[in-house]
Amino acid sequence: MEDGGRPPHVAMLATPGMGHLIPLAELAKLLAARHGATVTLLTFASMASATQLCAFLTSLPPSVSHETLPPVDLSDLPHDAPIEALMSEECTRSLPALAGTLAELKRTTRLVAFVTDHFCVNAFDSARDAGVGRRCLFIPGSLHALTLMLHLPELVASVPGEFRDLPEPLRLPGCVPIPGLDAVFSALQDRSSPAYGMMVHLAERFRQADTFLVNSFDAIEPEVASVLRQPKPGRPLVYSIGPLILTAEDRSTGDSDAKPPPPRAACLEWLDRQPARSVIFVSFGSGGALPVEQMRELALGLELSGQRFLWVVRSPTDEGSAGFIERTKGVGLMVPSWVPQIEVLAHEATGGFLTHCGWNSTLESLVHGMPMVAWPLYAEQRLNAVMLSEGVGAAIRLPEMKEKETIAEAVREVMAGEGKGAAVRAKVAEVQKAAAESLREGGAAMAALDGVVENWAPGGNY
Ligand code: UDP
């Protein structure tokens, strides 16, 4: 490990978005704690104003430092450019600055590896130019999503029209059969969209990594895990190192005893007053907002279900469901924009999660043993929803037509139903144990991470 007393150093580049930054930072903390590494976490300027970012970065241990790349001009991009295109373009335009930063890190530290996530694969060029030994692609998603990206170039060539028009589900090695409409990232559902070509380009470059680090674990996708674990010429090694999530302990105490814990959110105080496992938590992630008519069906559906609920609303509105807030005052709480999700999921009053199936929310739900109602919106959330409902059996998925009766029924079933709901709750309890098992000392995630580091430098002498 030692090289003139200098610890090994890892540079990590996170795509804008807390959902990418948080698991990468958890990986950084593990590399520091288990392998004595120091880490520089690089982020983009577009993220610098995110309110959650600052608090999050100050909670990192001293061995994980942070640097923001200089801003780049994106004003020429169409104002309605898809988020995937924005993220990838910001990365591409930041490459010269990144090359300089990596060269400087190479000069001043013992830089052994560069890790980035899938929207920044172009950054591998800068890492190669800077002479960084190992290039790892972090997948903040499932092995199903990775499989899809690995097969995308051949799928694009073999599927003549749009994926959503496929008459039969896609059958990829080890994956659950995936209907065309759910099969791909939303950006890939329209061949005329600029994001389409960009995603295909990213997929073509995936194999420039020498290692894939996937934030998943075997219990939720065992068949695809065993397929990808078989070494295959031309395919980077695949390691499942999950589920990496921010833990409630990290959030409440920070990593330093010197810092006072942040004030407790009002919604947690509200949860304190509710019976055990009685509340369904409703949230659509950091970016998900529903059209007004779906907001109305959801409001009426929650009311009809008779279940207590905690609903994070990105644009609070009482439109179309007049009197809803007043009528549900005793049983429901609506919170604008943001709640400390991990603490909500860890709270004993929470008993289920109606979720957009973002990957971090999915992992957080499983780690906390929460059965899910799946309401995917965009990105790869539909794929996650298929996997969770058809593959794992940890969620009940809502039908395409979301009406108050079906919403109410799914919510009741997941919370207290004796049929499918009971099976989902039992499965989630089983998966929760497997998640804890993966993360314990000697568990699969820790063994995989040790394998990654060993691969960086055989004999541990990296
Ligand atoms: N999150 C949170 N409070 C909120 C909404 C989201 O703490 O009110 C966190 C959530 O715990 C998760 C991340 O933000 O870690 C969202 O990531 P995910 O992949 O689920 O969805 P995305 O926001 O990327 O669609």
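The values are calculated or read from the model by the stated rules, or taken from the named source; none is laboratory data. Everything numeric in this text was worked out from a predicted model, so none of it was measured. Backbone-built Cβ (ideal geometry, glycine too); neighbour counts: all protein chains shown.
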ask   = Right, A33: surrounded by 20 or more Cβ atoms within 10 Å (Cβ to Cβ) and on the phi < 0 side of the Ramachandran plot or not?
value = no
ask   = Residues of region 371-388 being within 12 Å of the ligand (Cβ to nearest atom), of a type in the set (A, V, I, L, M) and at negative phi, which ones?
value = M372, L377
key: region 36-53 - residue that is among the β-branched types (V, I, T) and within 16 Å of the ligand (Cβ to nearest atom) and, of those, surrounded by the fewest Cβ atoms within 10 Å (Cβ to Cβ)   = T51
ask   = Counting only residues that are under 17 Å from the mean Cα position of the chain (by Cα) and either more than 23 Å from K404 (Cα to Cα) or free of Cβ contacts under 8 Å to residues at least 24 places away in the same chain (or both), how many does region 344-368 have?
value = 11
ask   = Scanning for something modelled with pLDDT under 95, more than 13 Å from the ligand (Cβ to nearest atom) and out of contact with any Cys (no Cβ under 8 Å at 6 or more places or on another chain), does region 304-315 turn up at least one residue?
value = yes
request  = Could you please give the count of residues in region 322-370 that are buried (at least 19 other Cβ atoms within 10 Å of the Cβ), more than 10 Å from the ligand (Cβ to nearest atom) and assigned to a loop (DSSP other than H, G, I, E, B)?
outcome  = 5
inquiry  = Checking the conditions here, which among R296, R308, R264, R314 is surrounded by 16 or more Cβ atoms within 10 Å (Cβ to Cβ) and under 24 Å from A50 (Cα atoms)?
reply    = R314
ask   = Of the residues P8, P23, P16, which is within 16 Å of the ligand (Cβ to nearest atom) and at pLDDT 90 or above?
value = P23
request  = Taking the options P153, P173, name whichever one is in a loop (DSSP other than H, G, I, E, B), of a type outside the set (K, R) and surrounded by fewer than 17 Cβ atoms within 10 Å (Cβ to Cβ).
outcome  = P173
